[in-house]
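S.K.: Next up is a structure, given as structure tokens.
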Amino acid sequence: MSLRRSGLQREVLSLYRRALRMVNSKPPAAQPKFRLFVRYSFKTQAVAVSPRDVATIEHLLRRGRRQIEMYEDPKVRDCWVSSDMVQWGEKNGGRREGARDAASAGTSSTS
């Protein structure tokens, strides 16, 4: 089944992928902090904004592009993460548990 996305959804996903590519261009020691910053920023904004609030989403996309352009600069070597971000990351680290369980269920064998 093919999932059709609106233009706005494609723009948000494109910005997220761009942000993750930016993370990979940073020094290995700083990548976890940048990754946490990107995940936290996208997730908290997604929860705070209604999917029908197009004007706000477009504003956040413009702001996000400017912010990523700033972080893509090779001179930016590190970023600051707050204790709230760290706590959120510990609580929401990695993939969701259900996705991990479903992936391992397909590969495990019973004796």
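Computed from the coordinates by the stated procedures, all read-outs in this text should not be read as laboratory data. Since the model is a prediction, treat every value here as computed from it, not as a measurement. Neighbour counts are summed over all protein chains in view; Cβ atoms, including those assigned to glycine, are modelled from backbone coordinates with ideal geometry.
S.K.: Lysines near Lys26 by alpha-carbon distance under 19 Å, same-chain residues fewer than 8 away left out - which ones?
M.R.: Lys75
S.K.: Right, next: Can you tell me which of 32-38, 71-77 comes out highest on packing, and rank the rest after it, using the mean Cβ neighbours within 10 Å?
M.R.: Highest to lowest by the protection proxy: 32-38, 71-77.
S.K.: A further question on this structure: Let me make sure I get this right: for segment 15-87, a, b and c are the square roots of the gyration tensor eigenvalues over alpha carbons, sorted descending. Under 1.5 in a/c it's rounded, otherwise prolate if a/b > b/c, else oblate. Which is it?
M.R.: Working: a/c = 2.55, a/b = 1.53, b/c = 1.67.
Cα axes put segment 15-87 in the oblate bin.
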